[in-house]
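Engineer: Have a look at this one before I ask anything.
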Amino acid sequence: MLPYEEAIATITDYLNENPKSTDALTLRGMKHFGAGERAKAINDYLAALEIDPNCKARLALQSANEILDFYNKDLFNP
């Protein structure tokens, strides 16, 4: 099992017992993002924000959106 997969599995087990843990949702979202699963990461951030609109997931979601929105016109005009 890869490190990201192992961490995601462990956090998911924790979330099965503590479904309202915004910190665990945010952490799992960060692991998903690092593993390249952007949609799953954003879903976890949004789930955490639904529970507590002022949690750490707000910054993680903002950061993810900035990364996904990045555009470098020089890369497309050689």
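Engineer: Considering amide H positions built from the backbone, and no H for Pro or chain starts, which residues 5 or more places from residue 56, or on another chain, come under 5 Å of its amide H?
Structural biologist: none
Engineer: At 1.4 Å probe radius, can you tell me the per residue accessible area of the chain in Å²?
Structural biologist: Result: 73 Å² per residue.
Engineer: Right, another one. Report, in deg cm²/dmol and to the nearest 500, the calculated mean residue ellipticity at 222 nm for the chain, where each DSSP H run with n ≥ 4 adds -39500 (n - 2.57) and the sum is divided by the residue count.
Structural biologist: Calculated mean residue ellipticity at 222 nm is -23500 deg cm²/dmol.
Engineer: Okay, next question. Tell me, what ³J(HN,Hα) does each residue in segment 2-9 have, in order and in whole Hz, if you take phi through Karplus 6.51 cos²θ - 1.76 cosθ + 1.60 with θ = phi - 60° and put x for Gly and Pro?
Structural biologist: Couplings: 6, x, 5, 5, 5, 5, 5, 5 Hz.
Engineer: Using θ = phi - 60° and the Karplus relation 6.51 cos²θ - 1.76 cosθ + 1.60, list the HN-Hα couplings for segment 18-23 in order, rounded to whole Hz, with x at every Gly or Pro.
Structural biologist: 3J(HN,Hα) across segment 18-23, in whole Hz: 10, x, 9, 7, 5, 5.
Engineer: I'd like the carbon and sulfur percentage of the solvent accessible area for segment 8-78, probe radius 1.4 Å, heavy atoms only, ligands and nucleic acids excluded.
Structural biologist: In segment 8-78, the share of accessible area belonging to carbon and sulfur is 53 percent.
Engineer: Could I ask something else about it? Using the Karplus curve 6.51 cos²θ - 1.76 cosθ + 1.60 with θ = phi - 60°, work out ³J(HN,Hα) for each residue of segment 64-75 in order, rounded to whole Hz, and write x for Gly and Pro.
Structural biologist: Result, rounded to whole Hz: 4, 5, 5, 5, 5, 8, 4, 9, 10, 4, 5, 6.
Engineer: Under the rule a/c < 1.5 gives rounded, and otherwise a/b versus b/c splits prolate from oblate, where does the chain land using the Cα gyration tensor?
Structural biologist: Verdict is oblate for the chain.
Engineer: List the lysines whose Cα lies under 16 Å from the Cα of residue 31, skipping any in the same chain that are fewer than 8 positions away.
Structural biologist: Hits, sequence-local ones excluded: 40, 56.
The values are calculated or read from the model by the stated rules, or taken from the named source; none is laboratory data. All of these numbers come straight from a predicted model, not from anything done at the bench. We work out accessible area using only protein heavy atoms, side chains counted, and drop any ligands, DNA or RNA first. Shrake-Rupley method; radii C 1.70, N 1.55, O 1.52, S 1.80 Å.
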